[in-house]
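> Before I ask anything, here is the structure I am working with.
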Amino acid sequence: MPTVLEKSKAANVTIKLDTSHRARIKSLATAKKRTPHYLMKEAIERYLVVEEAQQTILKSVDDSIAHYEATGLHITLDEVRNWAQELKVNRNAQLPACHI
């Protein structure tokens, strides 16, 4: 099991940027009183969070399709719409039960 120190190790990575991108990053870093390095790390972190969330959603969709194909259980679009309308007036509205 890795220790806290092992988790925080950093590795150098080289990335080739167009000169226009490099200039834009430098300009933005100056305006934000940050280093270009900080902005690039922040951009990568944000990208990873978004992409990992998207992968989680796609896996959930795949799992839902597999569950439907195996069981036939589903909720109709009209049932979801009615539930969404009910949520507007009752935040505790229960999602309709799945059925065949």
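The values are calculated or read from the model by the stated rules, or taken from the named source; none is laboratory data. Predicted model, so just to flag it, every value in this text is computed and none were measured. We place every Cβ from the backbone using ideal geometry, glycine too, and count neighbours over all the protein chains shown. Surface areas here come from the heavy atoms of the whole protein model, side chains and all, with no ligands, DNA or RNA. Shrake-Rupley method; radii C 1.70, N 1.55, O 1.52, S 1.80 Å.
> Return the residues of segment 74-100 that are assigned to a loop (DSSP other than H, G, I, E, B) and touching a helix residue (DSSP H, G or I) at 6+ places or on another chain (Cβ under 7 Å); say none if nothing qualifies.
A93, L95, P96
> Give all pairs with beta carbons closer than 7 Å in which a residue from segment 32-45 that is more than 17 Å from A11 (Cβ to Cβ) and of a type outside the set (K, R) meets a residue that is part of a helix (DSSP H, G or I) and open to solvent by 100 Å² or more (accessible area, probe 1.4 Å); count only pairs at least 6 apart in sequence or on separate chains.
Once the first residue is more than 17 Å from A11 (Cβ to Cβ) and of a type outside the set (K, R) and sits in segment 32-45, its partners that are part of a helix (DSSP H, G or I) and open to solvent by 100 Å² or more (accessible area, probe 1.4 Å) give P36/K26.
> Scan segment 17-72 residue by residue and report those that are under 23 Å from the mean Cα position of the chain (by Cα), open to solvent by less than 90 Å² (accessible area, probe 1.4 Å) and closer than 30 Å to A97 by Cα.
The answer is A53, Q54, L58, S60, V61, D63, S64, I65, A66.
> Restricting to segment 10-27, name every residue that is at pLDDT 95 or above and among the small types (G, A, S).
S20, A23, S27
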